[in-house]
Structures are given as C-alpha cells and as structure tokens.
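In what follows, a structure is listed as structure tokens, so that the remarks can point back to it.
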Amino acid sequence: MTADDDMLLRINRFNEARGGGVMAKRRQDGYTLQNQASGAPIARLRPTGRADTVRVLYWSHQGKWSQIGDFGGITLPLDEALVYVAENSIFWTWV
C-alpha cells in the first residue's frame, strides 16, 4: 500500500467513524472532500511531503480552493486536519 492509499484509507475511516456523508477522492496533488449527497466542496487536503502533514484548504466564495488565513495557511498532521475540518464551519458553507 502506498502512502497516498494510506491517507485515503484514513480519511475514509474518519468519515465512517463520524457517521459518513463525506466523499473523499484522490485528485492531482491531494484529496478533495465533498458532501456525498450534493457533491458540494468541503475541503482540500494537500500532502506536504513531510510525514503525514497536509495543507488544509477551503472552497472560497471566489469559486476556488483557498488557504485559511493570511500567514501561509494551515498545515497539520492528517488526523488533526480531519478534526479541524469536521469542527470548523468555514468548510460547511457550501454544503
């Protein structure tokens, strides 16, 4: 199993443990999380190449993935990033 497959598996396990409703897809340079029912964008997780750390992006009002904040965005280990997305309303605006 590759590191990328492991990340997708972990994302899906987190989703299932929280009751589902999110679809995760490997796309180009990261993972796109979407509302399973509507297809609305939730978050984008881009691996940094350092262990399991990812840059966390949200779907902005400009119709594109954007970093959070003005100081280089948010970078977290995958498990922390998933909790961050689950618990912050900015990711659920378009759902």
- Message: Amide H of A40 versus every other amide H placed in the peptide plane: which residues, excluding those fewer than 5 positions away on the same chain, fall under 5 Å?
- Response: N35
- Query: Ranked by Cβ crowding within 10 angstrom, fewest neighbours first, how are W94, W59 ordered?
  - Reply: W94, W59
- Query: Got the relative contact order for the chain handy, in percent, Cα pairs under 8 Å and 6 or more residues apart?
  - Reply: 20 percent
- For a footprinting-style exposure proxy, rank Y31, Y84 by other Cβ within 10 Å, fewest first. Y84, Y31
- Item | Residue with peak Gaussian network fluctuation, the chain [Cα springs, cutoff 10 Å], from A43, A24, A51 | A51
- Item | Within a Gaussian network of the chain (alpha carbon springs, distance under 10 Å), most fluctuating of G72, G30, G20 | G72
- For the chain, divide the Cα radius of gyration by the Kirkwood radius and give the resulting Rg/Rh value with two decimals. 0.93
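Coordinate-derived values only; no laboratory data. Keep in mind that this is a model prediction, so the values were computed, not measured. When we count neighbours, we look across all protein chains shown, and the Cβ atoms used for this are built from the backbone with ideal geometry, even at glycine.
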